[in-house]
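Down below is the structure, laid out as structure tokens.
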There are 2 protein chains.
Amino acid sequence: MTSPTSLDRLDAQIRFILEIDKLKAVLRQSWLLDGERRENSAEHSWHVAMMALVLAEHANAPVDATRAAMMLMLHDVVEIDAGDTFAYDVAAHADKAEREGAAADRIFGLLPADTAAPLRALWDEFEAAETIDARFANALDRLMPMLHNLHTEGRAWQANGVTADKVFARNQVIAAGSVRLWEYAKTVIDAAVAKGYLPQAPSSLGD
Amino acid sequence: MTSPTSLDRLDAQIRFILEIDKLKAVLRQSWLLDGERRENSAEHSWHVAMMALVLAEHANAPVDATRAAMMLMLHDVVEIDAGDTFAYDVAAHADKAEREGAAADRIFGLLPADTAAPLRALWDEFEAAETIDARFANALDRLMPMLHNLHTEGRAWQANGVTADKVFARNQVIAAGSVRLWEYAKTVIDAAVAKGYLPQAPSSLGD
């Protein structure tokens with residue numbers, strides 16, 4: 001019924017689908033809100049993509065919410081090879097772009113070239129964080145773990161010795177996508193500090 | 001900086017985002033391809049939405065792949081209240097629509113009405129399975145667990161006494177979204193039977 005070519009294409013596409021099942025085994029530092037276990041990068045990708053659909057109105061400029069959601073579905077696929085890099089791990093960030101670029105080459109390379117191209121373009125756009133959609137998507141990817149921390153008593157922050165000054169510095173780029181969400185994120189930091197979930201900067205301990 | 005109204009809206013939207021974290025704790029019958037654990041409905045939603053992005057060309061008629069992906073991101077949110085209903089659980093399917101409709105009312109009802117409306121409309125469209133996009137999305141939701149079963153030695157089928165005739169009958173609706181994917185799905189059934197992962201129908205045992 002179908003040409004050999006279309007069957008070859010389908011085989012390659014199914015191989016990609018099977019390959020990305022591995023993202024469900026990549027663990028993040030964030031804990032689920034019920035405190036039962038750490039979050040994996042596949043379910044995170046779903047969650048933050050859903051966030052794009054419901055928070056689009058808060059972007060600095062009109063965004064295509066579904067494009068932002070697609071970027072967020074794709075953004076962590078490279079972690080299958082490169083692993084999850086914790087936001088506050090400075091050393092691991094040194095070669096993050098190189099590791100993830102190689103991973104993108106391999107993983108999207110499983111697909112027929114014309115299937116891969118639009119997905120790789122969305123991944124590149126997210127990474128570059130220059131377009132309105134990509135800045136908004138990146139803002140959500142920063143905000144989400146702050147919410148998980150606030151509602152799990154700062155579990156990932158505390159396990160990794162993260163302080164409020166670092167959370168502030170790392171996440172102020174949220175404002176590039178949404179000033180309103182950065183205002184909200186600052187209330188999250190303040191609430192976490194007030195509840196004792198997030199220490200102030202080490203330098204402030206001697207004040 | 002922002003009006004009280006927009007802050008109220010953001011609060012409601014964040015409550016929805018926090019609520020749907022619970023989908024990560026809803027377990028399906030399917031096992032991950034690495035055999036380590038059962039799949040949850042949040043990571044499944046991501047995986048099958050990704051499938052829409054790479055398999056769209058195989059639909060019977062031109063589909064909007066991102067609309068199909070959005071439907072698939074949303075389709076299982078109701079399981080937070082209604083639980084996952086196994087495809088071959090006839091008794092549980094009797095009141096599935098009622099349980100899931102009530103869940104959709106509550107969960108999408110957490111959002112401001114105008115944020116909820118387009119998402120609920122996509123959820124309803126998926127459930128009705130009448131449009132081209134929805135038929136394609138439903139086809140993918142049927143195909144995915146067949147792939148997981150084939151690559152985990154029929155683990156969910158065997159745990160639940162599912163036979164090849166039931167898999168055939170349950171999934172032939174895939175053809176309504178994609179004749180090509182139904183042809184492919186039949187090769188999955190044949191391979192699973194040949195490998196001994198999926199028994200033939202009980203009635204054929206006496207042949």
Which residue is nearest to A:Ala87 (Cα to Cα), if the candidates are limited to region A:22-36 and must be at the interface with another protein chain (Cβ under 9 Å from one of its Cβ atoms) and not aliphatic (A, V, I, L, M)?
A:Lys24
Residues that are in a helix (DSSP H, G or I) and of a type in the set (Val, Ile, Thr): does region A:163-173 have at least one?
yes
Could you please find all residues in region B:72-90 being in contact (Cβ under 8 Å) with a residue 40 or more places away in the chain and within 11 Å of chain A (Cβ to nearest Cβ)?
B:Leu72, B:Leu74, B:Asp76, B:Val77
Answer yes or no as to whether B:Leu7 is facing chain A (nearest Cβ under 9 Å), farther than 18 Å from A:Arg37 by Cβ and not in a helix (DSSP H, G or I).
no
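Conditions (1) crowded, with 16+ Cβ neighbours inside 10 Å; (2) modelled with pLDDT of 95 or more, marked per residue:
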{"site": "A:Arg67", "(1), (2)": "yes, yes"}
{"site": "A:His75", "(1), (2)": "yes, yes"}
{"site": "A:Ile80", "(1), (2)": "yes, yes"}
{"site": "A:Ala87", "(1), (2)": "yes, no"}
{"site": "A:Ala91", "(1), (2)": "no, no"}
{"site": "A:Ala94", "(1), (2)": "no, no"}
{"site": "A:Ala103", "(1), (2)": "yes, yes"}
{"site": "A:Ile107", "(1), (2)": "yes, yes"}
{"site": "A:Leu110", "(1), (2)": "yes, yes"}
In this structure, is A:Val48 crowded, with 22+ Cβ neighbours inside 10 Å, among the β-branched types (Val, Ile, Thr) and under 16 Å from A:Val77 (Cβ atoms)?
yes
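Is it true that B:Phe136 is away from chain A (no Cβ under 13 Å), within 18 Å of the chain's Cα centre (by Cα), within 22 Å of B:Leu27 (Cβ to Cβ) and among the aromatic types (Phe, Trp, Tyr)? Spell out how you get there, then give the answer.
Working: away from chain A (no Cβ under 13 Å): yes; within 18 Å of the chain's Cα centre (by Cα): yes; within 22 Å of B:Leu27 (Cβ to Cβ): no; among the aromatic types (Phe, Trp, Tyr): yes.
No, not satisfied.
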Taking region A:122-138 and keeping only residues that are surrounded by 13 or more Cβ atoms within 10 Å (Cβ to Cβ) and more than 15 Å from A:Thr66 (Cα to Cα), one is left with A:Asp124, A:Glu127, A:Ala129
Being in contact with a helix residue (DSSP H, G or I) (Cβ under 9 Å, 6 or more places away or on another chain), part of a loop (DSSP other than H, G, I, E, B) and polar (S, T, N, Q) narrows B:Thr85, B:Thr66, B:Thr115 down to just B:Thr85
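Looking only at region A:46-60, filter to residues that are part of a helix (DSSP H, G or I) and more than 16 Å from the chain's Cα centre (by Cα); which one of those is farthest from A:Leu147 (Cα to Cα)?
Our first condition is that a residue be part of a helix (DSSP H, G or I); within region A:46-60, this holds for A:46-58.
This time we only want the ones that are more than 16 Å from the chain's Cα centre (by Cα), so: A:54, A:56-58.
Numbers: A:Val54: 15, A:Ala56: 17, A:Glu57: 19, A:His58: 17 Å.
Step by step, filter region A:46-60, then rank; the result is A:Glu57.
Which residues, taken from region B:53-65, are surrounded by 19 or more Cβ atoms within 10 Å (Cβ to Cβ) and free of Cβ contacts under 8 Å to residues at least 40 places away in the same chain? So that I can check it myself, show each step before the final result.
Pass one, region B:53-65, residues surrounded by 19 or more Cβ atoms within 10 Å (Cβ to Cβ): B:53-56, B:58-59, B:63, B:65.
The answer is B:Leu53, B:Val54, B:Ala65.
A quick yes/no check of all residues on (1) touching a residue at least 60 places away in the same chain (Cβ under 8 Å); (2) in contact with a helix residue (DSSP H, G or I) (Cβ under 7 Å, 6 or more places away or on another chain):
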{"site": "B:Asp124", "(1), (2)": "no, no"}
{"site": "B:Asn149", "(1), (2)": "yes, yes"}
{"site": "B:Ile174", "(1), (2)": "no, yes"}
{"site": "B:Lys186", "(1), (2)": "no, no"}
Suppose we filter A:Glu43, A:Glu39, A:Glu19 for residues that are of a type outside the set (A, V, I, L, M, F, W, C), at the interface with chain B (Cβ under 10 Å from one of its Cβ atoms) and not in a helix (DSSP H, G or I); which single one remains?
A:Glu39
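Answer with yes or no whether B:Ala192 is out of contact with any Pro (no Cβ under 7 Å at 6 or more places or on another chain), buried (at least 16 other Cβ atoms within 10 Å of the Cβ) and touching a residue at least 12 places away in the same chain (Cβ under 8 Å). So that I can check it myself, show each step before the final result.
Numbers: out of contact with any Pro (no Cβ under 7 Å at 6 or more places or on another chain): yes; buried (at least 16 other Cβ atoms within 10 Å of the Cβ): yes; touching a residue at least 12 places away in the same chain (Cβ under 8 Å): yes.
When the stated conditions are applied, B:Ala192 passes them.
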Taking the condition crowded, with 19+ Cβ neighbours inside 10 Å, out of contact with any Ser or Thr (no Cβ under 6 Å at 6 or more places or on another chain) and either in contact (Cβ under 8 Å) with a residue 24 or more places away in the chain or aromatic (Phe, Trp, Tyr) (or both), does A:Asn160 pass?
no
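The values are calculated or read from the model by the stated rules, or taken from the named source; none is laboratory data. Everything quoted here is computed from the prediction, not taken from an experiment. Positions of Cβ are generated from backbone atoms using ideal geometry, with glycine treated the same way; all protein chains shown enter the neighbour counts.
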